[in-house]
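J.: My questions all concern the structure below.
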Amino acid sequence: MSIRILYLDDEIQNLNSFKAAFRKTYSVFITDNPEEAIRIIRDEHIQIAIADQRMPEMTGVEFFAKIKEEYPDPVRILLTGYSDLHTVIEAINSGQVFRFIDKPWDEDSVKHAIQSAAQHFETKMELKRKNEELNRALAELDSFVYSISHDVRAPLMAMWGLVNVARMDPDPNLRSELLDYFEQSIQKLDGFLNSLLDFFRNKRLDTVIEEVDLRFLLDDALALHRAHPSNQDVKLQVHIEDQTLFYSDPHRLRLVLGNILTNAFTYQKMNNAEKRIEVSMVADSEKLDFKVSDNGIGIGPEHIPHIFKIFYRADTQSQGAGIGLYVVKEVVEKLKGKIIVESNRNEGSTFHVIIPNHKF
Amino acid sequence: MKVRIIILDDNDIDLFISEKVVNRFNHQIEVKSFTNQKNFLEYVQLSQFEEQLRQVFLIDLKLVGETGLDVADYLYLQTSIRKDIYFLSSTIDQRDLEAVRRHPLVVDLLTKPLQAHHLSRILS
C-alpha cells in the first residue's frame, strides 16, 4: 500500500506541482484549507502531513500544534524558506515537526524526507500495537491471578471440606454421596485446567493451516456428548455439506466446535421433555458456516454483550469457569472469522460461526 | 435461645459441607439452606420477626449474577436484620476483604470450607 500524504499549502500552484510530482509514487491529498486538511487527516488515514509554514490563516507550526493532540499519529513535515530558520528550530526542538524541507523543494529531498517519515510512522505504529498487546496481556494476567485463586481453590477447598465431613461422620450411607461430590470437584478442577491450557495454546502456538476433515472433526466433538448419560434425552439433528475442500487450523476449529457444542448440551432446560440441538456445517470455497441452535435456557439480553469476556458467568446453572466462549472468540479472531449470537431467555440460543476457507 | 443458621450458597457441594458441619457441631441448631437469592430473601422477610430465636446468616460471597454484598445490601435496606451476617468464600482476596470490611452489616469473611472452629467463634 502506498504511503498516504496530506499536503497543505495556500498556493494552489505548489499544491498542483507537488501532486503532479508524487501522485504516482504516493497517495497524495492536497488542500489550501486547514479545516479541510483536518477532515482529510481524520477520514483518509494520513501517515504523513506536510504543511507550508507561511499561510494567511495560520502558520504551518500552528496548524501542527492544533492537530497534534487529537491526531498524534501522522508524522509532521514543515515546508519553509530559510528566513524562517528560527521558527523551524523551535518547532523541531519542541517536537512539533519531524523534518523540515526548505523551499523551493526538489524532488529528491522531498522523497528522502517522506521515506524516513514513513519509516518513523511504521515504527511508531508498531510500538503502539506492541503496547496495546502488552496492556491486554497484563489485563488478562490480572484476571487470571484472580480467577486461579478462585477457580482452582474453590474445588480444592470443597474437597478439603468433604474430607472433614467424611472424618467426622462415619455413616456408611454417606459414602457414595461424598464420593460423587468428590468426583464432581475433581472434574471441575480438571475442566478449569483444560480450558486454561486451551487458552494458552491458542495464544502461543502458530496457526497451522491444513485440509480439514470437517465430518471427522464434528463427529469427534459430538461423540463425547452423545455418550454422556445426561444427554440421552437430547434430540440431535446434524446437517453437513462438505463437498468443497476446506483449509484451516483443525486444532483451533476443534476448540470452537467443542466449546459451542458443550454449551448447547450443558445449558438445556432441566425438565424439558423435548430437548433439541441442531447443528449445521456448510463449507464452500469461501468459508465454513457453522451453526448450533438449541432450545435450552437461553441468555438474557443483559448478559449477551458480556458472554465473550473472560471469566464471565451468566447463570447459576453455569458450571464453567467463564473461559470457554472467551477462547472461542479469541480463536475465531485468530482465524479471521466472525461469530454471531442470537438468544432469548427460556427459548434457546443460536451460535453462528463463519470461518474463511484459507485455501492456498 | 434457639439458634438458626441460614445459608445461601449456589454451590451444591459447599452447601452440603456447611450443612453437615453445622449438624455435627450441634444438632440442636436448625439449618436452613438456599441456593437461590430470591427464595432466601423471601424466607428472611418472614423469619426475621420470629421471637426467641437467634438467626445467623452465612452467605457465599461469589454468588453468580449477584455478589454476597448485594444480598447484604438488600438485607440492610429491606429488613430489620442488623447483626450475625457472615460471608463464606473459598479465597481471601485482598479486594474482597476490603469490600467486606467496608460493609456496615457484615461481621467477617470466613474461608471455606466451613469448619467447627468457625462456628465456635461465631456462636461464642
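The values are calculated or read from the model by the stated rules, or taken from the named source; none is laboratory data. These numbers come from a predicted model, not from an experiment. Note: ideal-geometry Cβ built from the backbone for every residue, glycine included; neighbour counts use all protein chains shown.
J.: Which of the numbered conditions does B:Arg95 fail, given that it passes all the others? Conditions: (1) farther than 19 Å from A:Ala154 by Cβ; (2) among the basic types (Lys, Arg); (3) within 14 Å of chain A (Cβ to nearest Cβ).
T.: Here B:Arg95 clears every test but (1).
J.: Consider the stretch B:34-68. How many of its residues are more than 14 Å from chain A (Cβ to nearest Cβ) and on the phi < 0 side of the Ramachandran plot? Lay out the reasoning, then the answer.
T.: Initial filter on the stretch B:34-68 (more than 14 Å from chain A (Cβ to nearest Cβ)): B:41-57, B:59.
Still in the running and on the phi < 0 side of the Ramachandran plot: B:41-51, B:53-57, B:59.
Total meeting the criteria: 17.
J.: Also, quick follow-up: Of the conditions (1) among the hydrophobic types (A, V, I, L, M, F, W, C); (2) outside the structural domain of A:Asp190 (by TED's automatic domain parsing); (3) farther than 28 Å from A:Phe199 by Cβ, A:Val163 fails just one. Which one is it?
T.: With respect to (1) among the hydrophobic types (A, V, I, L, M, F, W, C); (2) outside the structural domain of A:Asp190 (by TED's automatic domain parsing); (3) farther than 28 Å from A:Phe199 by Cβ, A:Val163 is out only on (2).
J.: Answer with yes or no whether A:Asp206 is away from chain B (no Cβ under 14 Å), within 29 Å of the chain's Cα centre (by Cα) and not in a helix (DSSP H, G or I). Full working, then the answer.
T.: Values: away from chain B (no Cβ under 14 Å): yes; within 29 Å of the chain's Cα centre (by Cα): yes; not in a helix (DSSP H, G or I): yes.
Against the criterion (away from chain B (no Cβ under 14 Å), within 29 Å of the chain's Cα centre (by Cα) and not in a helix (DSSP H, G or I)), A:Asp206 qualifies.
J.: Is at least one residue of the stretch A:248-262 over 18 Å from the mean Cα position of the chain (by Cα), hydrophobic (A, V, I, L, M, F, W, C) and part of a loop (DSSP other than H, G, I, E, B)?
T.: No, there is no match, as no residue in the stretch A:248-262 is over 18 Å from the mean Cα position of the chain (by Cα), hydrophobic (A, V, I, L, M, F, W, C) and part of a loop (DSSP other than H, G, I, E, B).
J.: Right, something else. Give the stretch A:146-161 a look and list any residue that's more than 7 Å from chain B (Cβ to nearest Cβ) and hydrophobic (A, V, I, L, M, F, W, C), or say none.
T.: Listed by number, the residues that qualify are A:Ile148, A:Val152, A:Leu156, A:Met159.
J.: Being part of a helix (DSSP H, G or I), at pLDDT below 85 and not aromatic (Phe, Trp, Tyr) narrows it down to one residue among A:Arg226, A:Arg175; which is it?
T.: A:Arg226
J.: Of all the residues that make up the stretch A:295-324, how many are of a type outside the set (Val, Ile, Thr), closer than 27 Å to A:Ser185 by Cα and modelled with pLDDT of 85 or more?
T.: Residues flagged as of a type outside the set (Val, Ile, Thr), closer than 27 Å to A:Ser185 by Cα and modelled with pLDDT of 85 or more within the stretch A:295-324 amount to 2.
J.: Additional query: So in the stretch B:54-88, with the set limited to residues that are out of contact with any helix residue (DSSP H, G or I) (no Cβ under 8 Å at 6 or more places or on another chain) and aliphatic (A, V, I, L, M), which one is farthest from B:Met1 (Cα to Cα)?
T.: B:Val64
J.: Filter the stretch A:299-313 for residues that are within 16 Å of A:Phe192 (Cα to Cα) and aromatic (Phe, Trp, Tyr) and give the result.
T.: A:Phe311, A:Tyr312
J.: Follow-up. Determine whether B:Ser18 is small (Gly, Ala, Ser), more than 14 Å from every other protein chain (Cβ to nearest Cβ) and outside any loop (DSSP other than H, G, I, E, B). Can you show your working first?
T.: On the way: small (Gly, Ala, Ser): yes; more than 14 Å from every other protein chain (Cβ to nearest Cβ): no; outside any loop (DSSP other than H, G, I, E, B): yes.
Judged against the criteria, B:Ser18 is not a match.
J.: Scan the helices (runs of 4 or more DSSP H) fully inside the stretch A:62-170 and keep the ones with 3 or more residues being at pLDDT below 85, surrounded by 16 or more Cβ atoms within 10 Å (Cβ to Cβ) and within 31 Å of the chain's Cα centre (by Cα).
T.: Ranges flagged: A:107-151.
J.: Looking only at residues in the stretch B:87-124 that are hydroxyl-bearing (Ser, Thr, Tyr) and either exposed (fewer than 15 other Cβ atoms within 10 Å of the Cβ) or free of Cβ contacts under 8 Å to residues at least 60 places away in the same chain (or both), which one is nearest to B:Arg24 (Cα to Cα)?
T.: B:Ser120
J.: Touching a helix residue (DSSP H, G or I) at 6+ places or on another chain (Cβ under 7 Å) and of a type in the set (Ser, Thr, Tyr), is that true of B:Thr91? Show your work before the answer.
T.: Working: touching a helix residue (DSSP H, G or I) at 6+ places or on another chain (Cβ under 7 Å): yes; of a type in the set (Ser, Thr, Tyr): yes.
It is true that B:Thr91 is touching a helix residue (DSSP H, G or I) at 6+ places or on another chain (Cβ under 7 Å) and of a type in the set (Ser, Thr, Tyr).
J.: Which residue pairs have Cβ atoms closer than 8 Å, lie 6 or more positions apart in sequence or on different chains, and pair a first residue in the stretch A:207-234 that is under 22 Å from A:Met270 (Cα atoms) with a second residue that is outside any strand (DSSP E or B) and at pLDDT 85 or above?
T.: Filtered contacts from the stretch A:207-234: A:Leu222/A:Leu261; A:His225/A:Leu261; A:His225/A:Thr262; A:His225/A:Phe265; A:His228/A:Phe265; A:Asn231/A:Phe265; A:Val234/A:Phe265; A:Val234/A:Gln268.
J.: Let me ask something else. Looking for whichever is modelled with pLDDT under 85 and polar (S, T, N, Q) here; the options are B:Thr111, B:Thr67. Which one fits?
T.: Residue meeting the stated conditions: B:Thr67.
J.: How many residues does the stretch A:277-296 contain that are outside any strand (DSSP E or B) and among the hydrophobic types (A, V, I, L, M, F, W, C)?
T.: 0
J.: Take the stretch B:1-15 and flag every residue that is assigned to a helix (DSSP H, G or I), crowded, with 16+ Cβ neighbours inside 10 Å and facing another protein chain (nearest Cβ under 9 Å).
T.: Those that are assigned to a helix (DSSP H, G or I), crowded, with 16+ Cβ neighbours inside 10 Å and facing another protein chain (nearest Cβ under 9 Å): B:Ile13, B:Asp14.
J.: Restricting attention to the stretch A:174-195, which residues are touching a helix residue (DSSP H, G or I) at 6+ places or on another chain (Cβ under 8 Å) and either more than 30 Å from A:Met159 (Cα to Cα) or touching a residue at least 60 places away in the same chain (Cβ under 8 Å) (or both)?
T.: The answer is A:Lys188, A:Phe192, A:Ser195.
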